[in-house]
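Down below is the structure, laid out as structure tokens.
The values are calculated or read from the model by the stated rules, or taken from the named source; none is laboratory data. Nothing here was measured: the structure is a model prediction, and the numbers come from that model. Counting neighbours? That spans all protein chains shown, and the Cβs are built from the backbone with ideal geometry, glycine included.
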Amino acid sequence: MPITEDARDLQEDLVRLRHDLHRRPEIGLHLPRTQERVIQALDGLPFEITLGKETTSVTAVLRGGAGMQAGGGTPAATASPAGTGSPAGGKAAERPAVLLRADMDGLPVQEKTGVDYTSRTDGAMHACGHDLHTSMLAGAATLLAEKRHLLRGDVVLMFQPGEEGCDGASYMIREGVLDAAGPRVQAAYGMHVFSSLEEHGQFCTKPGVMLSASDGLEVTILGAGGHGSAPHAAKDPVTAAAEMVTALQVMVTRQFNMFDPVVLSVGVLQAGTKRNVIPETARIEATIRTFSEAPASR
Ligand SMILES: [Zn+2]
């Protein structure tokens, strides 16, 4: 049976899991209930499971069952000394491994969708679709476990908390997710739902970079406060901040190659408390999205 048919058989279970995760979103690096649901979803499947120490991550390794010695031909296999007494071919370095990753965290957003599986947690919502990602990876776990005998290497499943600005991946990398199967994984696959722009059932990808890197910019402008009636006697950080916001947009369009896009959006602009007082400081925070490490043209 083609794997898509097998996948269809899982649909009801996965929809139920997704709705359950959606009802109880958790935010940040500590998602105990989500972790528990993932462990439940993997229950009975032949995975080696490791839980995060600093976060509620879940790493699950599936050992492929297809004969490695016959067709592997990896450099590691030929380089390993013969006859060192590893009859099961179990020397970890000889087996390729790939990683599949899903993020699990929600966002600090109030849900107003009105769907019957709406968030039961005030101020938290799976608004970015990570409930879908988690369910999809649980589905992949079941499908791969069923096809385990055909796999010529190992699969590492990476259920990651704290994607939304908490750097959850770096915790997992420090705790060894890339080497969870023994050898370092040869490739890591991740994806993101994109339902606002793509038709239902469509996938899109392209060679090279698909999604941008995300960086933050924080600027505090230190001026000198004063009375609004005598700006010449102050150093006004408000006008400086206002100019910086527009200058940053001009910089993006004038100094970066348009075929290697950069997006910069100022989301925080704060200064002052009274209309007639020039404040001491102003503050800007921006998000920056980039697709390469190429610097500005000057
Ligand atoms: Zn997301």
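Numerical summary
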| item | result |
| --- | --- |
| Hey, G114 at positive phi, assigned to a loop (DSSP other than H, G, I, E, B) and away from the ligand (no atom under 16 Å from the Cβ) or not | yes |
| Residue list for the range 10-32, restricted to those being in a helix (DSSP H, G or I) and surrounded by 15 or more Cβ atoms within 10 Å (Cβ to Cβ) | L10, L14, L17, R18, H19, D20, L21, H22, R23 |
| Scan of the range 11-36 for residues that are in contact (Cβ under 8 Å) with a residue 24 or more places away in the chain and of a type in the set (K, R), ordered by number | R18, R23, R24 |
| Output for the range 264-289, where each listed residue is assigned to a strand (DSSP E or B), among the β-branched types (V, I, T) and surrounded by fewer than 15 Cβ atoms within 10 Å (Cβ to Cβ) | V268, V277 |
| Qualifying residue in the range 136-157 (condition: surrounded by 15 or more Cβ atoms within 10 Å (Cβ to Cβ), within 12 Å of the ligand (Cβ to nearest atom), at pLDDT 95 or above and not acidic (D, E)) | no |
| Near pairs, Cβ below 7 angstrom, 6+ apart or cross-chain, from the range 97-119 (in the same structural domain as V155 (by TED's automatic domain parsing) and farther than 30 Å from G64 by Cα) to any residue that is hydroxyl-bearing (S, T, Y) and crowded, with 22+ Cβ neighbours inside 10 Å | E111/S119 |
| The range 209-233: number of residues that are farther than 21 Å from R283 by Cβ, touching a residue at least 12 places away in the same chain (Cβ under 8 Å) and exposed (fewer than 11 other Cβ atoms within 10 Å of the Cβ) | 1 |
| Filter result for H130 (touching a residue at least 12 places away in the same chain (Cβ under 8 Å) and either over 22 Å from E26 (Cα atoms) or charged (D, E, K, R) (or both)) | no |
| Members of the range 196-249 that are in a strand (DSSP E or B) and of a type in the set (S, T, Y) | S214, T220 |
| In the range 136-195, the residues that are part of a loop (DSSP other than H, G, I, E, B), within 18 Å of the chain's Cα centre (by Cα) and small (G, A, S) | G162, G165, G176, S195 |
